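For reference, the structure discussed in these notes is given below.
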Amino acid sequence: MPLNLEDKKAVVAEVSAQVAKASTIAVAEYRGIAVGEMTQLRAKARALGVYMRVLKNTLARRAVQETPFAGLANQMTGPLIYSMSEDVVAAAKVLNDFAKTNDKLILKAGSYNGKVLDVNAVKALASVPGRKELISMLLGVMQAPVSGMARVLAAVGEKKQAESAA
């Protein structure tokens, strides 16, 4: 059923709000994907905090007008699913991971930091660890000296106990 003008305005407003919050947008062609598989993809996206939607390309172009993602408008052709996230890598990661297991989902383009990304750049962005992974790596690095010092102090204590017992 076609959308009337008010519905179109509402869709553009909703998507514009998501675009305003987004750090990254990734788009992929979804031709031939079964409804059940698309539902799984959307569930994975929700779990990672990614806004994902199938949109009319004209409405998507209006939503990205006068934003850092405006350059992506030239890539908006064909049946596309739009993935947007505040996390820099999450939008690309969701689509890329799904495309690895489903050959019907074809990555098309993306945009990050005002630059339009080609397919290879989107794949490269998806391979970068996510925000949560980077934070856990940082915490591991920060805890290493403390835990090392604790092991040294425990070893010194055990050595002193052994010397005093002997």
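General remarks:
- Looking only at residues of region 89-119 that are within 21 Å of residue 134 (Cβ to Cβ) and of a type in the set (Val, Ile, Thr), we find that the one that is modelled with the lowest pLDDT is 89.
- Residues of region 18-37 classified as over 26 Å from residue 69 (Cα atoms) and of a type in the set (A, V, I, L, M), total: 3
- Residue count for region 56-81, restricted to those that are open to solvent by less than 20 Å² (accessible area, probe 1.4 Å), at pLDDT below 90 and under 18 Å from residue 106 (Cα atoms): 2
- Selection from region 26-35 of residues that are open to solvent by less than 30 Å² (accessible area, probe 1.4 Å) and modelled with pLDDT under 90: 33
- Looking across region 63-110, the residues that are acidic (Asp, Glu), in a loop (DSSP other than H, G, I, E, B) and under 16 Å from residue 52 (Cβ atoms) come down to 86, 87.
- Conditions (1) in contact with a Phe, Trp or Tyr (Cβ under 6 Å, 6 or more places away or on another chain); (2) open to solvent by 80 Å² or more (accessible area, probe 1.4 Å); (3) of a type outside the set (Val, Ile, Thr): number failed by residue 44: (1)
- Considering the conditions (1) in contact with a strand residue (DSSP E or B) (Cβ under 6 Å, 6 or more places away or on another chain); (2) among the small types (Gly, Ala, Ser); (3) surrounded by fewer than 16 Cβ atoms within 10 Å (Cβ to Cβ); (4) not in a loop (DSSP other than H, G, I, E, B), residue 124 is excluded by exactly one of them, (1).
- Tabulated pairs, region 138-152, first open to solvent by 100 Å² or more (accessible area, probe 1.4 Å), second of a type in the set (A, V, I, L, M), C-beta under 6 angstrom, 6+ apart or interchain: none
- Criterion violated by residue 52 - all others in (1) open to solvent by less than 90 Å² (accessible area, probe 1.4 Å); (2) part of a helix (DSSP H, G or I) satisfied: (2)
Listed here are the residues, each with its yes/no results for (1) in contact (Cβ under 8 Å) with a residue 40 or more places away in the chain; (2) within 18 Å of residue 116 (Cβ to Cβ); (3) open to solvent by 80 Å² or more (accessible area, probe 1.4 Å).
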{"site": "10", "(1), (2), (3)": "no, no, no"}
{"site": "13", "(1), (2), (3)": "no, no, no"}
{"site": "19", "(1), (2), (3)": "yes, yes, no"}
{"site": "24", "(1), (2), (3)": "yes, yes, no"}
{"site": "37", "(1), (2), (3)": "yes, no, no"}
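- Given (1) assigned to a loop (DSSP other than H, G, I, E, B); (2) over 22 Å from residue 132 (Cβ atoms); (3) in contact with a strand residue (DSSP E or B) (Cβ under 7 Å, 6 or more places away or on another chain), index of the condition residue 31 fails: (3)
The values are calculated or read from the model by the stated rules, or taken from the named source; none is laboratory data. Note that the structure is predicted; figures quoted are calculated from it, not measured. Here the Cβ is made from the backbone with ideal geometry for all residues, glycine too, and neighbour counts use every protein chain on show. In case anyone asks, the SASA skips ligands and DNA or RNA and just uses the protein heavy atoms, side chains included. Shrake-Rupley method; radii C 1.70, N 1.55, O 1.52, S 1.80 Å.
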